[in-house]
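The values are calculated or read from the model by the stated rules, or taken from the named source; none is laboratory data. Computed from a prediction, not measured in an experiment: that's the story for all the values here. Note: ideal-geometry Cβ built from the backbone for every residue, glycine included; neighbour counts use all protein chains shown. The protein model used for the area step is the full one, side chains on, heavy atoms only, and it has no ligands, DNA or RNA in it. Shrake-Rupley method; radii C 1.70, N 1.55, O 1.52, S 1.80 Å.
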Amino acid sequence: MTTIERRVVLAAALGLTVALPTAPAFAAIDAARAATFIQGTGTDLVGAINSSAPVQQRRERVAGLLRRAVDIESVGRFILGRFWRTATPAEQQEYTRLFEETLIHNLASRFGEYQGVKFTLGRSQANTEDDVMVSTTIERPNTAAFTLDWRVAEVGGQPRIIDMIAEGTSLRLTQRSEYASVIQRNNGQVSALLAAMRQQITQMRANER
Amino acid sequence: MRFISTRHLLAFAALALAGLGGCATRPPADDPDALAEYHQTNDPVEPLNRTMYSVHQGLDEYLLRPVAVGYRAVVPTPVRMGLRNFLGNLRTPVVLANDILQGEPRRAGDTAGRFLVNSTLGIGGLIDVARDHFDLPPHNEDYGQTFATWGIGEGPYLFVPLIGPSNARDLVGFGIGIVADPFFWFGQGVVVEALGYSRVGATAVDTREGLIETLDDVQRTSLDPYATLRSGYRQRRAAEIGNRLDRRPGPVTPPAGAAPAR
């Protein structure tokens, strides 16, 4: 981590503590507990994706699972990064809502291609003081298996997913870069990002099958 | 790859350095956040890179991707895997050289072992016997990674049509990887020449085939695919340099209730 990155992470953590003074941001989490949590969440997700229920029902199930398993609010805030501060309270609220929807519809629009998905739990180890990296292998019929690592932290007494890492690439870092670029190319307007997100959600809805 | 000559690389580098395509404006010093981001994306020639990216996307849409999709549709999986193993085996001398240059005797031993086993028992590299039966999984090394372990910085981010995301350091490493490859110098004449070009073509098609899902995904889900690829490339390279990607199958963590992990 470069000094800049560390400072950004620190700032993000600070921002979180200030916003939620009563709850400590992340408490240390035990590797075995994190593994159990991912095992459970993964089994539920795979079950929902592979079920024969109509797509709308499956999406609702996945939405519920993601809301419980992912620390959506703080991940979303991390991704918006420095633009969280320049956004108006209304924009912040709208962003968090759109971010959650993006997450859900993104997965729901792939139900088709993920049919028959299986996952196997690998090793898990402490990542930093506050979080654990749980490794899984994702297998799909006729596709090469790949490794997906889940970063799990304890938030408000519950284990929560705070990042996913595939092939050395952190999803939230990549997405932060993407969103920052969209805002920058639109003269620093957060509203431009929100518009793009809205349009994307409409497109993803159309692909749900 | 011979069709991208060193001269082209140099020309591109010169173009990038001269900033003929324009430079990204450096943010003023009184905006530390913007400045931090400018350093983090490491993309001072972004306007030029974005132009190169559109050129590449055009080639990809009408040539590279369709060929890769057709290859996957026509050639059965076992044959494709065989070819991938074969091409990987041809690359092992370069991987070995870099293992040694990085002072990694154990990994160098793995690589040498892989080359011996796969070239013989694996029928000239078609079957990855080393991975499947000798617990010697492949790993990737190149000159860009070696330079990084020697402490050489990545230089500006560069997007090169046909090659994709790169940077000054990795691009130089890429060029050295071509001329330092023993197979590049092995023999001469029409047949050898033809084999060389076939290898370049096969490598390009095989690589693109392996990336169909990943790149489709970026195009479909990203609000700015250029920025996503840039971030993804830089993170992935950092992981490769730190040898964080190759892992042997490790012990599975027992769920809570069993013996504590770690």
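Residue pairs whose Cβ atoms lie under 8 Å apart, separated by 6 or more positions or on different chains, with the first residue in the stretch B:205-226 and at the interface with another protein chain (Cβ under 8 Å from one of its Cβ atoms) and under 21 Å from A:Q184 (Cβ atoms) and the second among the polar types (S, T, N, Q) and buried (at least 18 other Cβ atoms within 10 Å of the Cβ), are B:T221/A:Q200; B:S222/B:T228; B:L223/A:Q200; B:D224/A:S181; B:Y226/A:S181; B:Y226/B:N49.
Considering (1) within 8 Å of chain B (Cβ to nearest Cβ); (2) open to solvent by less than 30 Å² (accessible area, probe 1.4 Å); (3) out of contact with any Phe, Trp or Tyr (no Cβ under 7 Å at 6 or more places or on another chain), the lone condition that A:V134 does not fulfil carries the number (3).
Please give the helices (runs of 4 or more DSSP H) falling wholly within the stretch A:58-174 in which 1 or more residues are under 21 Å from B:R220 (Cβ atoms) and touching a residue at least 12 places away in the same chain (Cβ under 8 Å).
Fully inside the stretch A:58-174 and qualifying: A:72-80, A:89-108.
Of the set (1) of a type outside the set (F, W, Y); (2) touching a strand residue (DSSP E or B) at 6+ places or on another chain (Cβ under 7 Å); (3) buried (at least 20 other Cβ atoms within 10 Å of the Cβ); (4) more than 26 Å from B:E37 (Cβ to Cβ), all apply to A:A153 but (4). Taken over the stretch A:93-129, the residue count meeting the criterion of being surrounded by fewer than 15 Cβ atoms within 10 Å (Cβ to Cβ) and among the aromatic types (F, W, Y) is 0.
Annotation: B:G124 fulfils all but one of (1) free of Cβ contacts under 8 Å to residues at least 60 places away in the same chain; (2) assigned to a loop (DSSP other than H, G, I, E, B); (3) touching a His at 6+ places or on another chain (Cβ under 9 Å); the unmet one is (3). I'd like the residue in the stretch A:183-193 that is surrounded by fewer than 20 Cβ atoms within 10 Å (Cβ to Cβ) and assigned to a helix (DSSP H, G or I) and, out of all such residues, is nearest to the other protein chains (Cβ to nearest Cβ). The residue in question is A:A192.
Residues of the stretch B:207-217 that are in contact with a helix residue (DSSP H, G or I) (Cβ under 7 Å, 6 or more places away or on another chain) and surrounded by fewer than 18 Cβ atoms within 10 Å (Cβ to Cβ): B:I212 alone.
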